[in-house]
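The values are calculated or read from the model by the stated rules, or taken from the named source; none is laboratory data. Please read all numbers here as calculations on a predicted model, not as lab measurements. Cβ sites come from the backbone with ideal geometry, for glycine too, and all protein chains shown count toward neighbours. To get the accessible areas, we keep the full protein, side chains included, count just its heavy atoms, and leave off ligands, DNA and RNA. Shrake-Rupley method; radii C 1.70, N 1.55, O 1.52, S 1.80 Å.
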Amino acid sequence: MRSHDLSTIQVGHDLGLLQQVAEDTQLSGREITLRGRKLLNFASCSYLGLEMEPALIEGAVTATRAFGTQFSASRAFVSAPPYRHAEALLGNITGRPTLLVPSTSLGHQAALPVLVGPNDLVLIDVQAHASLRVAAELLKGKGRNVQTVSHSDARHIARKMRASDAPRIWLLIDGVYSMIGDVAPFDDLDALLRKDPRLMLYVDDAHAVSWQGQNGKGLALEKWPDHPRVIVALSLNKGFACA
């Protein structure tokens, strides 16, 4: 981490804006206590506030009693008993085969090194989520060609594609960009998909889940419900209060 990043974090901490710890003994889903003050919690990423929903709480308690606090094994060997049923239910939301992983970040890190071939080109939007950038660094470590493209700039992407002779070109983007709040240029990207069969689109659509798309499946799956060259990562954390 660079020195000016550290100083920014220190200033934020001193102002009570960063690295705080909630002091509550019980949470309501609406307020938290910081430095002795009861505050409305605008820092929450839970869009619908369902973490205090009684049915979800009871479901979590029931599952914990049945299966314990963890299932300590790699899914490469064996999955926890509820996974198959959960993935089938999630498929009713996504309309696609669905793989359940502990977090979106871990999903990127597990999927992309498998998906991206040794001769493929990887383009990543400059505003892509930090979790995608970490996965891109893993790809670089495996010798993959990773390049950054201007934010939501279809013409820049097209130029990079024309200049490449890679057999496949992966574009890593967000559906909704969490830091600046805008939406990916889906129509422009759809045109690129139709124009160049090498293009493979990998979308982190975590911030569109629950409030966009049929059954809350997000923007990307609403745009491309069954496109064979579009892979979408979603999150239950932002809207459905499951982490």
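The set of residues in the stretch 137-149 being open to solvent by 50 Å² or more (accessible area, probe 1.4 Å) and closer than 22 Å to Ile180 by Cβ consists of Glu137, Gln147, Thr148. Filtering Gln109, Gln70 for residues that are within 30 Å of Leu199 (Cβ to Cβ), modelled with pLDDT of 90 or more and open to solvent by 50 Å² or more (accessible area, probe 1.4 Å) leaves a single hit, Gln109.
The set of residues from the stretch 30-58 being of a type in the set (Gly, Ala, Ser), modelled with pLDDT of 90 or more and farther than 21 Å from Leu17 by Cα comprises just one member, Ala55. Restricting the search to the stretch 203-243, which residues are of a type in the set (Phe, Trp, Tyr) and over 18 Å from Pro185 (Cβ atoms)? Scanning the stretch 203-243 gives Trp211, Phe240. Applying a threshold of 8 Å to beta carbon distances and a minimum spacing of six or more residues, or different chains, the list of pairs starting in the stretch 38-57 at a residue that is exposed (fewer than 13 other Cβ atoms within 10 Å of the Cβ) and ending at one that is aromatic (Phe, Trp, Tyr) is empty.
Within the stretch 79-88, does at least one residue satisfy the condition of being open to solvent by 90 Å² or more (accessible area, probe 1.4 Å), more than 19 Å from the chain's Cα centre (by Cα) and at pLDDT 95 or above? Looking through the stretch 79-88, none of the residues is open to solvent by 90 Å² or more (accessible area, probe 1.4 Å), more than 19 Å from the chain's Cα centre (by Cα) and at pLDDT 95 or above. Applying a threshold of 8 Å to beta carbon distances and a minimum spacing of six or more residues, or different chains, the list of pairs starting in the stretch 147-160 at a residue that is under 14 Å from Asp174 (Cβ atoms) and ending at one that is basic (Lys, Arg) reads Val149/Lys160. Criterion applied to Arg75, Arg35 was being among the charged types (D, E, K, R) and either at positive phi or within 17 Å of the chain's Cα centre (by Cα) (or both), and the one residue passing it is Arg35. The residues listed here are Pro118, Pro97; of these, the one that is farther than 28 Å from Asp165 by Cα and either part of a loop (DSSP other than H, G, I, E, B) or open to solvent by 70 Å² or more (accessible area, probe 1.4 Å) (or both) is Pro97. Name the single residue, out of those in the stretch 191-212 being modelled with pLDDT of 95 or more and out of contact with any strand residue (DSSP E or B) (no Cβ under 9 Å at 6 or more places or on another chain), that is nearest to Cys45 (Cα to Cα). Filtering first and then ranking leaves Ala191.
Considering the stretch 44-57, and only residues there that are hydrophobic (A, V, I, L, M, F, W, C) and touching a Leu at 6+ places or on another chain (Cβ under 9 Å), the residue that is nearest to Val209 (Cα to Cα) turns out to be Leu50.
Looking at the structure I just gave you, is Ala243 among the small types (Gly, Ala, Ser) and open to solvent by 20 Å² or more (accessible area, probe 1.4 Å)? Explain how you work it out, then say what you get.
Working: among the small types (Gly, Ala, Ser): yes; open to solvent by 20 Å² or more (accessible area, probe 1.4 Å): yes.
Yes, satisfied.
Take the residues in the stretch 188-240 that are assigned to a loop (DSSP other than H, G, I, E, B) and acidic (Asp, Glu), then tell me which one is most open to solvent (accessible area, probe 1.4 Å). Filtering the stretch 188-240 for residues that are assigned to a loop (DSSP other than H, G, I, E, B) and acidic (Asp, Glu), the one most open to solvent (accessible area, probe 1.4 Å) comes out as Asp226.
Mind checking whether some residue in the stretch 60-74 is assigned to a loop (DSSP other than H, G, I, E, B) and either basic (Lys, Arg) or more than 30 Å from Ile231 (Cβ to Cβ) (or both)?
In the first step, residues of the stretch 60-74 are kept if they are assigned to a loop (DSSP other than H, G, I, E, B); the result is 68-74.
Cutting the leftovers down to either basic (Lys, Arg) or more than 30 Å from Ile231 (Cβ to Cβ) (or both) gives us 68-69.
Yes, the stretch 60-74 contains a residue that is assigned to a loop (DSSP other than H, G, I, E, B) and either basic (Lys, Arg) or more than 30 Å from Ile231 (Cβ to Cβ) (or both).
Regarding the stretch 170-180, can at least one residue be identified that is β-branched (Val, Ile, Thr), assigned to a strand (DSSP E or B), open to solvent by less than 70 Å² (accessible area, probe 1.4 Å) and within 20 Å of Pro97 (Cα to Cα)? Lay out the reasoning, then the answer.
Step one: filter the stretch 170-180 for residues β-branched (Val, Ile, Thr), giving 173, 176, 180.
Now restrict to residues that are assigned to a strand (DSSP E or B): 173, 176.
Checking the rest, the ones that are also open to solvent by less than 70 Å² (accessible area, probe 1.4 Å) come to 173, 176.
From the residues that got through so far, the ones that are within 20 Å of Pro97 (Cα to Cα) too are none.
Taking every residue of the stretch 170-180 in turn, none turns out to be β-branched (Val, Ile, Thr), assigned to a strand (DSSP E or B), open to solvent by less than 70 Å² (accessible area, probe 1.4 Å) and within 20 Å of Pro97 (Cα to Cα).
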